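Here the structure is laid out as structure tokens; the discussion comes afterwards.
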Amino acid sequence: MFAQDFNELGYLSSQWPLNQHLPTVLMVHGAGMNHAQWQGQMAGLKDHANMIAVDLPGHALSAHHDGDQSIIHYADTLSELAEELETSKLIMAGHSMGGAVCLEFAMRHPDQLDGLVLVNTGAKLRVQQELLQQIREDYPAFIRHMTRNSLGEETSSQVIEQFAELLMQSETEAVYNDFASCDSFDRLEEISQIACPALVISSDQDMMTPPKYGEFLADQLEQGEYALIEGAAHISPMEQPDAVNAAILDFLQQFNGR
């Protein structure tokens, strides 16, 4: 993997320079997480696409980026990165909050985008006020809550520990801002405007963004496709990486001949 930086925005790339014959998948992490949640995709799909896992402002490799931490600003910041990458076939992939960022990107910068992969997300995200309060008042309890409610019954202890570690690595204020941004995100009325091909991935055990969220999203998007991952909850890229990779790989086939 190759660590890169653009205007204090850090990211990992599976190859450098980018292979212009392959599509480029720019992966956006969920709230309070970072690029490491995409390890299974970086390793599993690197022969089929330029895989890039970015850290949003205030997170991990981008911890010193002082940009506004909001869905809109995240989308605009990634537009600047996309311009810098100069790739001809860009697919944005986002998990949970990252999916909201990708939807916002698609509406604000459609000319930069060839496709979307939306994982365990929705067109409207709501966060319990008690959870926001817990982030600031008892962060260890918040991590326990997220671990208990975000992962499926069959999740290995290794993945559970990795997920908790990702949350522990994050600054509390950055996590709070992420979840607050999710709470205000609502694009239900606009998503039908998105015209590019889009793969929506849900998980059968996801309580935070249930499959009905993904089904609605896929139905509303002009070129929406839908895939359901079995045996996973809200963090399917880590829980069932092979199944998620297979769904993404099938979706990518349409871009290889362009």
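Here are the numbers for this structure:
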| quantity | calculated |
| --- | --- |
| Potential extension, Gln253-Ser157 segment - 0.36 nm per residue separation minus Cα distance | 31.2 nm |
| Per-selection metrics, the chain (Cα): Rg and Dmax in Å | 16.5, 52 |
| Approximate spin-label separation His21-Asn149, in nm, with each point projected 7 Å along Cα-to-Cβ | 4.8 |
| Candidates His145, His35, His95: whichever shows maximal mean-square fluctuation once the chain is modelled as a Gaussian network with Cα springs under 10 Å | His145 |
| Share antiparallel - DSSP beta bridges, the chain, percent rounded to 5 | 25 |
| Selected from Ala123, Gln133, Met97, residue furthest toward positive end of dipole (region 94-158; charges at beta carbon) | Gln133 |
| Ranked list, fewest to most other Cβ atoms within 10 Å of each Cβ, for Ser181, Ser70 | Ser70, Ser181 |
| Cα-centre dipole for the chain with unit charges at Cβ (Lys and Arg positive, Asp and Glu negative), debye to 20 | 300 |
| Max mean-square fluctuation residue, GNM over the chain, Cα-Cα springs under 10 Å, options Ala232, Ala60, Ala246 | Ala246 |
| Zone of Ser184's modelled label, taken as backbone nitrogen in region 55-69 under 11 Å from a point 7 Å along Cα→Cβ | 69 |
| Average projection area in nm² (convex hull over Cα atoms of region 213-258, one quarter of hull surface) | 3.8 |
| Proximal lysines relative to Lys212, as straight alpha-carbon distance under 18 Å, when same-chain residues fewer than 8 apart are discounted | Lys124 |
| 20 Å Cα-Cα reach of Lys46 towards aspartates and glutamates, excluding residues that sit fewer than 8 places from it in its own chain | Asp5, Asp55, Glu86, Asp114, Glu239, Asp242, Asp250 |
| Region 126-229: trypsin sites (Lys or Arg not before Pro) in DSSP loop, at most 16 other beta carbons within 10 Å | Arg126 |
| Top of Val28, Val127, Val119 by mean-square fluctuation, Gaussian network on the chain, Cα under 10 Å | Val127 |
| Relative packing of peptides 96-102, 171-177, 20-26, 107-113 - highest average C-beta neighbours within 10 Å first | 96-102, 20-26, 171-177, 107-113 |
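No value in this document is a laboratory result; all are computed from the given coordinates. It should be emphasised that the depicted structure is a prediction, and the values quoted were computed from it without experimental measurement. Virtual Cβ from ideal backbone geometry, glycine too; neighbours counted across all protein chains shown.
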